[in-house]
Amino acid sequence: MKFGQMEIFVVSDGRFRLDGGAMFGVVPKVLWQKKAPADERNRITLAANCLLIRAAGKTIVVETGTGTKGDAKWDDIYGIDHRVALVESLQHRGVAPADVDIVINTHLHFDHCGGNTRRDKNGKVVPTFPRARYLVQRGEYDHALAPTVRDQASYLKDNFVPMADSNQWEFFDTDKQVVPGVEVVRLPGHTRDMQCLRLTSGGRTAFFFADLVPTTHHLALPWIMGYDLYPLTTLENKKRVLPQAVQEEWLCLFAHDPEIPAAYLREKKGKLVAEPVLEPELVTAK
């Protein structure tokens, strides 16, 4: 869509599945399964929603999904569905990998940066976007290289080390304007150094919540993922950011919602309600 002086498209790297209990933390299954039904392996369907932004003369991709490097066992474990994949989704918008100037990763879990790289014809893992600068918080990259036993399964070095070899990484240590109107905002909780994205143009604000609020089902304050390393920090940031999103009428963008990738938030009877503004279409695999 046109958003002030920039363009924003939600593009897709398809769908995947994660354990429903892990996705909703302390919330009982009897509650969350009404919103997100689980399959026979207790997994719920999630989207790998990414962004394509055209701003200040730059072509920017935010998040790259799970990627396509996994084998059949990997795809089965995580229910990878690539009937729509990121490169294809970008091409639908007239963007080839070589056209991308900047790639922003909110953090380096495999479902947010798996498409950073691909396998070439010889099977070597190489950057998907050959001339792009890849941006992430320095602390997140350092942690990804030496994760804890608790979260090491989320960090796959093939997703981020090749850009160090090609000298394509650019690291931040705090909030930072990437180009005019495009700002990364460090919001810890899910990880210590996760960043979200704030877009401002023409007096309007859009906000990509990453894993602070991964789906519209996570708008309620206690609905926090079991994956979060610092859940009480997540809670405090939700308390601070969500009321501002309502009051200032932000366009809210959700990384993992398979039905509502973009919405405005309204408060109704003491609860936050998402009013969709974008049909899934090519956003998620059908």
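The values are calculated or read from the model by the stated rules, or taken from the named source; none is laboratory data. Because the structure is predicted, anything quoted here is derived from the model rather than measured. FYI the Cβ positions are ideal-geometry reconstructions off the backbone, even for glycines, and counts take in every protein chain you see.
For every residue, the table says whether it meets (1) without any contact (Cβ under 8 Å) to a residue 12 or more places away in the chain; (2) out of contact with any Leu (no Cβ under 9 Å at 6 or more places or on another chain); (3) buried (at least 21 other Cβ atoms within 10 Å of the Cβ).
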| residue | (1), (2), (3) |
| --- | --- |
| Ala48 | no, no, yes |
| Arg54 | no, yes, no |
| Val62 | no, no, yes |
| Gly67 | no, no, yes |
| Trp74 | yes, yes, no |
| Arg93 | no, no, no |
| Asp101 | no, yes, no |
task: Considering only region 108-226, give the strands (runs of 3 or more DSSP E) lying wholly within it that have at least 2 residues that are in contact with a helix residue (DSSP H, G or I) (Cβ under 7 Å, 6 or more places away or on another chain).
output: 125-127, 169-172
message: Looking at region 240-252, can you tell me whether even one residue there is assigned to a strand (DSSP E or B) and either within 17 Å of Arg198 (Cα to Cα) or at pLDDT 95 or above (or both)?
response: yes
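Picking from Leu242, Leu253, Leu212, Leu221, which residue would you name as being over 16 Å from the mean Cα position of the chain (by Cα) and crowded, with 17+ Cβ neighbours inside 10 Å?
Numbers: Leu253 fails: over 16 Å from the mean Cα position of the chain (by Cα); Leu212 fails: over 16 Å from the mean Cα position of the chain (by Cα); Leu221 fails: crowded, with 17+ Cβ neighbours inside 10 Å.
The conditions single out Leu242.
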field: So Ala47, is it in contact with a His (Cβ under 7 Å, 6 or more places away or on another chain), of a type in the set (A, V, I, L, M), assigned to a loop (DSSP other than H, G, I, E, B) and at pLDDT 95 or above
entry: no
task: Go through Gly67, Gly25 for me and flag whichever is under 22 Å from His107 (Cβ atoms) and within 14 Å of the chain's Cα centre (by Cα).
output: Gly67
